[in-house]
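Asker: Pasting a structure below so you can have a look.
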Amino acid sequence: METDNGLQRNAPIGVFDSGVGGLTVFREIMRQIPNEKIIYFGDTARVPYGSKSRETVTRYSEQIVRFLRTFHVKTIVVACNTASACALDTLEQDIDIPIIGVVKPGARAAVDVTKNGRIGVIGTEATIGSQIYTEYISKLNRNVTIYGRACPLFVPLVEEGLLEDPVTDEIARRYLAELIDIDIDTLLLGCTHYPLIRSTLSRIVGDRVTLVNPAYETALELKNMLREMDLLNEDPPGLGANQYRFYVSDKADKFVRFANSIIKYGILSAKAVNIEEY
Ligand code: DGL
């Protein structure tokens, strides 16, 4: 089962986020490449990442990568825009397996969608402050204008499960008012938590604005990369509940309840680990 690059095709894929947001990427990966095993880690003890410094997010991400590597994963997906923006460069330097983030695929998707060249990007303070989307999108198309807006309250609202709630509505209205006035036609959900409040966001921006969720493009990039490296798992894993394993740094029960509410596949359990040990 070992390929030329020394990696095992039937090894799992590691996916991580600061909390539950990465599940939006996880569910797209399971849909597009259903034969793969996945180890998911949500850093529920230290969420949110978006209000922390680049150094802290990088240190957290490095610990998680070390943890995921104990499972001999064949690749890692940074299913968090904040960690992709702050830490992916550093992670790439120190790793000998493929690692991908969500920002580049998201940027590509937004450029493909816009017609009037006005793209709104919403994300955490760290992601918007890093200007990473502006940088990638401008590289792809210099004629596009990007309007970034940090929405720091969205992540706690999602983590609290307030997906359809008047409070979430009101906050979204305030955050998005300016972008609506600017006449964007594309709204890039630059945080993996935000697709979970997609219906609220979509109602507020109206149907002239297309919402872009980088999860689809990320899973596609992963699939193409694994195919090119001859690393796609062709054998159905047939592992039942063991095909997908979930780890968190705190409150495993809360995570399981939330995950089961958004993913059809029954997540039977999640295990809490002390991530500071890695
Ligand atoms: N879901 C993450 C992101 O995509 C992080 C949110 C947070 O922890 O602040 O940015």
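The values are calculated or read from the model by the stated rules, or taken from the named source; none is laboratory data. Only a predicted model underlies this, so the values are computations on that prediction, with no experimental measurement involved. In this analysis, Cβ positions are derived from the backbone assuming ideal geometry, glycine residues included, and neighbour counts consider all displayed protein chains. SASA here: full protein model, heavy atoms, side chains in, ligands and nucleic acids out. Shrake-Rupley method; radii C 1.70, N 1.55, O 1.52, S 1.80 Å.
Every residue, every condition in (1) within 14 Å of the chain's Cα centre (by Cα); (2) closer than 17 Å to Glu125 by Cα, yes or no:
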| residue | (1), (2) |
| --- | --- |
| Gly14 | yes, no |
| Leu23 | yes, no |
| Gln32 | no, no |
| Gly50 | yes, yes |
| Ser61 | yes, no |
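Asker: Tally time: how many residues in region 21-42 are more than 8 Å from the ligand (Cβ to nearest atom) and not in a helix (DSSP H, G or I)? Can you show your working first?
Answerer: Just the residues of region 21-42 that are more than 8 Å from the ligand (Cβ to nearest atom), to begin with: 23-42.
Then keep just the ones that are not in a helix (DSSP H, G or I); that gives 33-42.
Adding up the residues that qualify gives 10.
Asker: Show me the helices (runs of 4 or more DSSP H) entirely contained within region 107-188 in which 3 or more residues are of a type in the set (Val, Ile, Thr) and over 24 Å from Ala87 (Cα atoms).
Answerer: Filter on region 107-188 gives 166-181.
The rows are residues; the columns are (1) within 16 Å of the ligand (Cβ to nearest atom); (2) more than 23 Å from Asp183 (Cβ to Cβ); (3) modelled with pLDDT under 95; (4) touching a Ser or Thr at 6+ places or on another chain (Cβ under 9 Å).
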residue	(1), (2), (3), (4)
Leu68	no, yes, no, no
Ile100	yes, yes, no, yes
Asp112	no, no, no, no
Cys151	yes, no, no, yes
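Asker: Among the residues of region 114-135, which ones are surrounded by fewer than 23 Cβ atoms within 10 Å (Cβ to Cβ), within 15 Å of the ligand (Cβ to nearest atom) and under 19 Å from Ile184 (Cβ atoms)?
Answerer: Gln131
Asker: May I ask you to verify whether Leu189 is within 22 Å of Gly19 (Cβ to Cβ), modelled with pLDDT of 95 or more, open to solvent by less than 40 Å² (accessible area, probe 1.4 Å) and not β-branched (Val, Ile, Thr)?
Answerer: yes
Asker: Considering Arg108, Arg142, Arg174, which residue is within 18 Å of the chain's Cα centre (by Cα) and either at positive phi or basic (Lys, Arg) (or both)?
Answerer: Selected residue: Arg108, the only one of Arg108, Arg142, Arg174 that is within 18 Å of the chain's Cα centre (by Cα) and either at positive phi or basic (Lys, Arg) (or both).
Asker: Output the residues belonging to region 46-61 that are crowded, with 17+ Cβ neighbours inside 10 Å and either part of a loop (DSSP other than H, G, I, E, B) or away from the ligand (no atom under 16 Å from the Cβ) (or both). Quick ask: steps written out before the conclusion?
Answerer: Of region 46-61, the ones crowded, with 17+ Cβ neighbours inside 10 Å are 46-50, 52, 57-58, 60-61.
If the condition is that a residue be crowded, with 17+ Cβ neighbours inside 10 Å and either part of a loop (DSSP other than H, G, I, E, B) or away from the ligand (no atom under 16 Å from the Cβ) (or both), then Arg46, Val47, Pro48, Tyr49, Gly50, Lys52 are the ones that fit.
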